[in-house]
Structures are given as C-alpha cells and as structure tokens.
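The structure appears below as structure tokens.
What follows draws every value from the coordinates through simple rules; no lab data is involved. If you're wondering where the values come from, they're calculated on a predicted model, not measured in any experiment. Glycine gets a Cβ as well: all are built from the backbone with ideal geometry, and neighbour counts include every protein chain shown.
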Amino acid sequence: MSPQPQAAVGAPLSRVDGRLKVTGRATYAADHDIKGAVHAVVVDSTIARGRVTGIDTRAALALPGVLKVISHLNAPRLAYRDDPNLNNPPGRRLRVFQDDKVLFHGQPVAVVVATALETAQHAASLVKIGYDAQSPSTDMSGSDRTNEPATYARGDADGAIGSAAVRLEMAYRTARNHHNAMEPQATVARWDGDRLTLWDKTQWVLGTQNELASVFGLPPESVRVISPFVGGGFGTGVRTWPNVTVAALAAREVGRPVKLVLTRKQLYFAVGYRPVYEYGVRLGSDRRGRLTAMTHDVRAETSTYEDFTEAILVAGRMLYSMPHVSQTYRRVPLDVNTPTWMRGPGYANASFAIESALDELAHEIGVDPIELRRRNEPDDDESSGLPFSTRRLRDCYTTGAREFGWHRRNPKPRSTRDGDWLIGTGMATGVYDVLRSPAQARVRLDADGTALIESGTSDMGPGTYTSMTQVAADALGLTMRNVTFRLGDSRMPPTPPHGGSQTMGTVGSAVQDGCDTVRRQAIRLAVEDRESPLYGVDPDGIVVRAGRLHVKDNPVRGETYQRLLARNERTHLETLGSFQPGESRFSMYAYSATFAEVAVDASLGLVRVRRMLGVCDAGRIISPKLADSQALGGMVGGIGTALLEHTVTDHRDGRIVNANLADYLVPVNADIPDLRAIFIDGEDLEAAPIGVKGLGEVVHIGVAPAIANAVFHATGRRVRELPITAEALL
Ligand code: MOS
C-alpha cells in the first residue's frame, strides 16, 4: 500500500472542540440537565477512625423539599461483587453506607437528597452524627506498620557500595499532593428499571461501568456511562470513587435522577491523591562517576483497607547502568483514604530522589551533571535484559544543553548573583513506561464522504478529539472538516483508561487501523468496479486525498468516495479497528531531559523559576500544538510539585487542613516564566503501530528535581524535601 499523504498529522492544528469549550457549550458531567433530577449532598465524617453511634436526621427531614437521608441505618445492602476487571488496588474497597465503621476523615456517612441543591446543602448541615472516635494514625513517619514489601535485587548492592570509591547516602521526602482538576467529581445518575445511566466525570467510562455493575450486582450491559468532556484529570478519574455509588444509590432510593457534585473541599478527602513518599538512596561509584550500585528504600502511605502500589521502583533499576541494585517498597497503612495515581505516577517521585542523588554525586566528584548521566547511559535495559525500542536520551541531553545554553554555566554553587537574587541552573532526566493495552475504534465512512469514528476513550485535556481526528483524516484521506470523532460512552468500543500517557498510542493505533481498513475497502471496491476510472489499477498504487481516490503518480485518474459508494449503492463502509499489543522483545520507555533556571532571594529564601526547557523523546508527535500544550502543562504541574503543592494533615484528628484552593498552593500566572518544549523527532513502531510512545507523564517527570538541582546550584543548599519552601532555604 502506498503510504497515505500526511496533511493533518504533524500540523499544528487548534482543537476541534475549542469553540465548544470557550463558549461554554461543552457538556461536563454536571452540565447534563436530566429531566426530573434532584440533588444530593454528602455528609462527611468528622473523625478519622471509629464508629458512627447515631444519626439524627429529624431537623434535616423537616425541611420542605428534603426527600430522603440515606446512611448505613437505612441503606440497602449492595452486592459489591469482586471483579478482576476492576482497577482497584488489592484489598476491600470502601463500601458506602454498609456499616458503621469510619476509616478516614471525610468518609461519606450519609447523603441528603432534596429537590433543590440549596435545600440539600442546608439539610446536610443539620444532620447530626454521633461518633465513638478512636485516635487515628495518619502520619507515615510515626508508624512502623508496613504491608508486605515489594523488592527487587540484582548483584550485591551492599557489598558494592561498601567497597566503592565514592559512597553517598541520602533520604528524600515528597509531600502528599492533590490533583485539583478544575472540574470536580460529578455524577448524574438515572435508573430506568434495572438499567442505570451515569453522566460522570471519569477518565475511563469502561472502568466506571464495571465498577458500578459490580457494586450493584448488575450485568455490565445494564450500566451505561457517558462522559463526553472531562475538565482535567491528572489521574483522579482513572479510578471510580465512592461518590458515584452514592449518586446511583440515592437515585434508586428516591426513584428520581440524582445529581451529585463534590465540593472543592470534598475533593481533598473523598477521592485519591499522590501519597507521601520517603525515598532513601545509597549509591556507590568510582571517582569518575561510573555507578556501581544503588539501593532504594521506599515508603509510601496507603489506607488501612486497600494496598495502593505504583511503579515507584522501575526507574531505579533501568535508567542508569550499574551491576548492583537493591530495592524495597513498603506501604504504610494509615487511617486515610486510599491514594491513587497522579501525573507521572511513581516515576515523578522516584525521579526527585534519583535525579537529586545524581546531582549530589556530580557535585561530590566534580563532574558535570549531564556528563555524569552520559557516563552511566546503559546499552540495554539492565532490569530485563531487553534492548530498548528507542532511547534518544543522549539526543535530549545534547539538544537541551545547546538550546538552554548549559555551557555558560559556572559549575560552582552560589557563584552567580543578580542583585538580591542567587541564580542557578539544574537539569534532570525523566523516564516513563510505554503502557500498551488493547483498544478498539469503530470507523464508518458514509456515502456523503464524511466519516464517523467512535471509541470509548476520553479527553481530560490533552486534545483526544483533535488528535484522533487528525489520525483518521489522514488515514482515510479526508479533510479534518469531514471527520467526526466521538468518545466518552461505554457503548462505544472499549479502550484502556485515559491515563498513563497511553491514549495516543493505543487508541490512536486502533483509529489508524480501522481507517486504513476502510480506505482499503474503498480502494478494492474501485479497482474491481468496471465503471470506476480506477478499474484494474494496482491497489498499492492508489492514495486518497481530500476524499478522492487516485493513482498516486497520476492524480487525474480517480474518483471521489461519494461517486464510488453511490454507484455501488453502498450507504457506508464500516469496520472495527483495533490495537492488540503482542509480546514484545523490547524495553519501551519515553524519556525527557528538563532544564531549569531559578532565582533564589538570598535573604528571603523565595524561589522563582526564571525559565525552563523540556526536551522529550516521546516517539512520534501527532499533534504538535497539543503536544506543546501538554508539555507546558506538565512543567507547570512540576513547578507546583517542586515549590508549592502540599496537602497538610492535622495528625491529631486526620483532618486535611488546607482543603481549598486558597491554602493548597498551585502555580498561578505570575509563577510561570518562559517555558519551552522541544520534541526529538522519531517514531517508535515497537511501542505502537502509530509510532507514539506517550507524552503526558514524561513531560512532568524530572521537572521537580531539575528545579531542586537548580536551587542547589543557586544557593549551595541541598533541599531533599518537596515542596521546597522558603523556610528550608533560610
Ligand atoms: Mo494519569 S496519572 O496518567 O491520569
């Protein structure tokens, strides 16, 4: 087959849904006005551990318009079926209103349903809960309980460190972070007999469908989940949280559709978060910085009822070359809600520790940080023995150093001043797994020359609607205008979660596969049709451009899809495209190098990022404008992690103290300087047929350590805890 001309892919196009979004016509979960819907407001526990001893609902029920107050005292027993298809962590998930136990502060203990939102809010404030409270354990540092550790070892790390010419030992810590997506978790639930429809904020309609089916003991076909737009996710919508069950239960109990929108405050305890990490590193190297061994001792918080684990250990065993590695990962069960994935899950925290440690080693032995990384660049993946599919990290370093002006750097810390400000630069490496799961997309080319592609994925912001339209337009040979891509409905073909940077590679490959198939169907129809100008032509020599099939080297000879389908009395051509990853003999990761320049006020300890450059090896870039936007967003998030974001818990009662956007600091416009992203060209056909490795995580991973390393270079002070506060620098 002649490759299709690529007109849309690679072009810096604006979002196809941009106008809908900026004019407020994009329907997010809570925007769905479902006839007859009433409102639910959750009552949260004010203790972190213990039992509910009584619930007084009299004052709430006395308010006109209140329909029902539901709690464990009157809720029906729910099936809570175990289902291996769910992506919940091991353990026993929170079962809402099934017993009197309180497992964390802010746990839903009742829900008020009323005809008006304001009535429900007021009534919720009137519900009186009695507790038998026990003293909670919410501080990881103060707990020595741990779940069964995950471990990894090769060689003899302790022995190698013992005999190394250079030995370092450091302890790093990263704060709990919350996603703080613009759109809150929100659901409208409607029952039609035994069938449940949910309009929900989710990054995985299929996951929410399966979760609700298992909670209510329904066949999955009886649950439909609709989610056409997601107002930011960062991981918070990859798992289905109990609020969705609460909405569905409330709707069933009152016999009307129910809308339930979590408050900003509830988003700090009713859904997951990035857990606190303690990450101990010991390393050994020779005098020239060739690593011989590293140990990684990691502790992270989890809940008492689920054992949340993530890929915190991977980077430490494959990013740099060394014969000896030893790792342990312990989860500490606490009286907290279960943590979850947040942008660059695991890898971002690991990278703060590992990339800070490399910077410490570089300083210790007087080797340039980039040169140190080059000296430890592996030939293949030493954790699996597999060759890398593509690894263009050296190119990231070279391009980054050149574009950032790294050679102008005086390696001596605290050597550059600008008035009151100490100036420093730092860099760090990022790595993220290429996730590969099966995905499907339905492709339909209509006789009017337009195409409709559907896949049950989502778009939390990266621009799925746009990038998939680009892929489909080129594979079908249509203009962008004649292609419609739809997503966000569990009735559409299945996909993996819209997370872990896997949507473009997996769903994109399915879209491309389906569109290639339909284009070939049309070409076959033409070359076998005596009436077609393409009759008898070698199908391999035909391309389609702007809806017209023609001989590649003779554009005059051809006809449009419309003519072809009309003459053959075909209303449409249709297929189900798929991506089915096979066993791979390659190690597949996306890479990045981030460069940061900071200014630190010498007397006040304030840190200001002055400029930042991210250089990424993410495979093929489908949509450069959206990729740029992803990368800048990832850097903004990294500035937050490095300098501002910190969920603070009062360990006396397990309450989150700063559960609002005034006290939980995120970067604002004035915090964001000159940011730039560069993508190293190149496709990775092992990662996915579409050549994409994935972008959304790797642009964020490495940002925080690049800033931390720049702060050290500016001040000579090594801060091993995130966020880096002024107090730590005084
Ligand atoms: Mo994410 S943590 O890949 O939504």
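Report Rg(Cα)/(2.2 N^0.38 Å) for region 429-569, keeping two decimals.
Numbers: Rg = 16.7 Å, N = 141, 2.2 N^0.38 = 14.4 Å.
Scaled against compact globular proteins, the figure is 1.16.
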(request) On a C-alpha basis, how far is the centre of region 654-730 from the centre of region 479-509 in Å? Whole number, if you could? (result) 27
(message) Using alpha carbons only, how many angstrom separate the centre of region 384-407 from the centre of region 86-148?
(response) 46
(request) Assuming R0 = 56 Å, can you tell me the calculated FRET efficiency for the pair Asp158 and Lys35, based on Cβ-Cβ distance, to the nearest 0.05? (result) 0.25
(request) Between beta-carbons, use under 9 Å as the cut-off and find the net charge around Pro76, counting Lys and Arg +1, Asp and Glu -1. (result) +1
(request) Show the residues, 5+ positions off or on another chain, whose built amide H is closer than 5 Å to the amide H of Tyr172. (result) Tyr279, Gly280, Val281
(message) Show me, bin by bin at 10 Å from 0, the whole-percent P(r) of region 1-144 based on Cα pairs.
(response) 10, 24, 25, 19, 12, 7, 3, 0
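Jot down the per residue volume, in cubic angstrom and as a whole number, of the convex hull over the alpha-carbon atoms of region 1-83.
Dividing the Cα hull volume of region 1-83 by its residues yields 337 Å³.
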(request) Take peptides 314-322, 695-703 and line them up by average Cβ neighbours within 10 Å, highest first, as a rough protection proxy. (result) 695-703, 314-322
(message) Ratio of alpha-carbon Rg to the 2.2 N^0.38 Å globular estimate for the chain, to two decimals, please.
(response) 1.01
(message) Spelling out what I want: for every residue of region 274-284, take phi, set θ = phi - 60°, compute 6.51 cos²θ - 1.76 cosθ + 1.60 (Karplus), and round to whole Hz; glycine and proline get x.
(response) 7, x, 5, 10, 10, 9, x, 10, 10, 9, x
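What area, in nm² and to one decimal, does the C-alpha convex hull of region 167-308 cast on average over all directions? Write out the running numbers ahead of the final one.
On the way: hull surface 46.9 nm².
Mean orientational projected area (region 167-308, Cα hull): 11.7 nm².
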(request) Taking every pair of alpha-carbon atoms in region 285-368, give the share separated by more than 19 Å as a whole percent. (result) 46
(request) Give, as a single signed number, the net charge of other residues whose beta carbon lies under 9 Å from the beta carbon of Met492, with Lys and Arg counted +1 and Asp and Glu -1. (result) +1
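Too long at a 28 Å Cα-Cα cut-off: which of Lys412/Lys625; Lys259/Lys625; Lys259/Lys693; Lys35/Lys101; Lys201/Lys265; Lys265/Lys625?
Details: Lys412/Lys625 38 Å; Lys259/Lys625 36 Å; Lys259/Lys693 38 Å; Lys35/Lys101 36 Å; Lys201/Lys265 17 Å; Lys265/Lys625 34 Å.
In this structure, Lys412/Lys625; Lys259/Lys625; Lys259/Lys693; Lys35/Lys101; Lys265/Lys625 lie more than 28 Å apart at Cα.
Which semi-axis lengths, in whole Å and largest first, follow from the square roots of five times the eigenvalues of the Cα gyration tensor of region 284-329? Before the final figure, lay out each step's value.
Working: eigenvalues 167, 18, 9 Å².
Semi-axes (√(5λ), whole Å): 29, 9, 7.
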(request) Report the label-to-label distance for Arg652 and Arg51 in nanometres (one decimal), using points 7 Å from each Cα along the Cα→Cβ vector. (result) 2.6
(request) Choose one of Gly558, Gly65, His32: the residue whose Cα lies farthest towards the positive end of the charge dipole of the chain (beta-carbon charges +1 Lys, Arg; -1 Asp, Glu; about the Cα centre). (result) Gly65
(message) At a 10 angstrom cut-off on C-beta neighbours, averaged per residue, how do the peptides 118-129, 641-652 rank from highest to lowest?
(response) 641-652, 118-129
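Of the listed peptides 390-403, 99-112, 20-33, what is their order by residue-averaged count of other C-beta atoms within 10 Å, with the highest listed first?
So the peptides 390-403, 99-112, 20-33, ranked by packing, come out 99-112, 390-403, 20-33.
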(request) Per residue of region 418-434, in order, report the coupling 6.51 cos²θ - 1.76 cosθ + 1.60 (Karplus, θ = phi - 60°) as ³J(HN,Hα) in whole Hz, putting x for Gly and Pro. (result) 9, x, 6, 9, 8, 10, x, 10, x, 9, 7, 9, x, 9, 8, 4, 8
(request) Please give the contour-minus-distance gain from Arg611 to Ser14: 0.36 nm per residue of separation, less the Cα-Cα distance, rounded to one decimal in nm. (result) 212.4 nm
(request) Find out how many positive minus negative residues lie around Ser584, taking Lys and Arg as positive, Asp and Glu as negative, among other residues whose Cβ is under 15 Å from that of Ser584. (result) -2
(message) Once you order the gyration tensor axes a ≥ b ≥ c over the Cα atoms, which shape class does region 333-424 get: rounded for a/c under 1.5, otherwise prolate or oblate by comparing a/b with b/c?
(response) oblate
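Under the rule a/c < 1.5 gives rounded, and otherwise a/b versus b/c splits prolate from oblate, where does region 394-486 land using the Cα gyration tensor?
Working: a/c = 3.60, a/b = 3.14, b/c = 1.15.
Prolate, since a/c reaches 1.5 and a/b exceeds b/c.
Could you state the orientation-averaged shadow area of the convex hull built on the Cα atoms of region 495-604, in nm² to one decimal? Mind showing how you got there, number by number?
On the way: hull surface 55.0 nm².
Value for region 495-604: 13.7 nm².
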(message) If you filter region 142-182 for trypsin sites (Lys or Arg not before Pro), then keep DSSP loop positions with at most 14 other Cβ within 10 Å, what is left?
(response) Arg145
(request) Indicate, rounded to the nearest 5 percent, the antiparallel portion of the DSSP beta bridges found entirely in the chain. (result) 75
(request) Return the aspartates and glutamates within reach of Lys21: Cα separation strictly under 18 angstrom, same-chain partners fewer than 8 residues apart disregarded; answer none if there are no such residues. (result) Asp31, Asp33, Glu183, Asp200, Asp459
(request) Divide by every residue of the chain the summed helix terms, -39500 (n - 2.57) for each DSSP H run of at least 4, and state the resulting mean residue ellipticity at 222 nm, rounded to the nearest 500 deg cm²/dmol. (result) -7000 deg cm²/dmol
